[in-house]
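All remarks here apply to the structure that follows.
Just so you know, all these numbers are worked out from the coordinates, no wet-lab data involved. This one's a predicted model, so the numbers in the text were calculated from it and none came from an experiment. Cβ placement follows ideal geometry from the backbone for every residue including glycine, while neighbour counts extend to all protein chains displayed.
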Amino acid sequence: MKKLLSVLVVLLIIAVGVYFMFFNDAPEDKNANDNSGSEKGDNQVEKKFEPESDNEDANKVTFTLKDVTAADDKVKKMEYTVKNEEDEEIDVQFGSSMKYDFYITDENGEEVYRDSEGKAYMQVIEEMNLAPDEEETFELKLPELDPGDYTITIFLAAKGYSDEETSMEFTVE
């Protein structure tokens, strides 16, 4: 019993260490690097992320969120694209199997859905390698929502990028 307890304590310490290593690197002044998303049309928004000079773990990346719902689809679909804007390959590090997270708020700003809620992710260190101008696209299926106006906010769950949110408004009819 003591051996099992010891193993559990060690695993807990490792999990906390991984969390702080990969997800607790917020910049001192979040507004100092405010790169608001630029609208690309009613169904797409793009945001460029240029890291602060002292953040060696982050690179120039473009985040694009696009509504790709077909007219006859009952479930709303989005694509979240991460593109390397550097002249050389970059390595994006993840502290778990979660690559991104998103949440949806209603017109009053109340959160109505969070993708990661109630899910468990493997605690592994993974890398995504992107060559110059290479991009990785993630397909999102949104939950069924009541008719109304909503905002989806998404971020890459990677070291150095988790504070860079991209948002887009959409309507469910």
Task: Given (1) farther than 23 Å from Ile90 by Cβ; (2) in contact with a Phe, Trp or Tyr (Cβ under 6 Å, 6 or more places away or on another chain), index of the condition Glu164 fails - done: (1)
Open item on the list: Can you find a residue that is over 12 Å from the mean Cα position of the chain (by Cα), farther than 30 Å from Ala71 by Cβ and hydroxyl-bearing (Ser, Thr, Tyr) anywhere in the range 121-136?
Closed with: yes
Task: Residue satisfying all of: in the range 86-119; in a loop (DSSP other than H, G, I, E, B), of a type in the set (D, E, K, R) and more than 11 Å from the chain's Cα centre (by Cα); surrounded by the most Cβ atoms within 10 Å (Cβ to Cβ) among these - done: Glu86
TODO: Tally the residues that are without any contact (Cβ under 8 Å) to a residue 40 or more places away in the chain and farther than 15 Å from Thr64 by Cα, restricting the search to the range 144-173.
DONE: 4
Open item on the list: So, in the range 139-173, exactly how many residues are over 9 Å from the mean Cα position of the chain (by Cα) and either exposed (fewer than 15 other Cβ atoms within 10 Å of the Cβ) or more than 14 Å from Tyr80 (Cα to Cα) (or both)?
Closed with: 18
Task: Checking Lys66 against (1) assigned to a loop (DSSP other than H, G, I, E, B); (2) among the charged types (D, E, K, R); (3) over 30 Å from Ile14 (Cβ atoms); (4) without any contact (Cβ under 8 Å) to a residue 40 or more places away in the chain, the condition it does not meet - done: (1)
- [ ] Go through the range 67-85 and count every residue that is more than 16 Å from Phe138 (Cβ to Cβ) and either hydroxyl-bearing (Ser, Thr, Tyr) or surrounded by 14 or more Cβ atoms within 10 Å (Cβ to Cβ) (or both).
- [x] 1
- [ ] Given the conditions (1) surrounded by 12 or more Cβ atoms within 10 Å (Cβ to Cβ); (2) in contact with an Asp or Glu (Cβ under 7 Å, 6 or more places away or on another chain); (3) under 26 Å from Gly95 (Cβ atoms), report the number of the one that Glu126 does not fulfil.
- [x] (2)
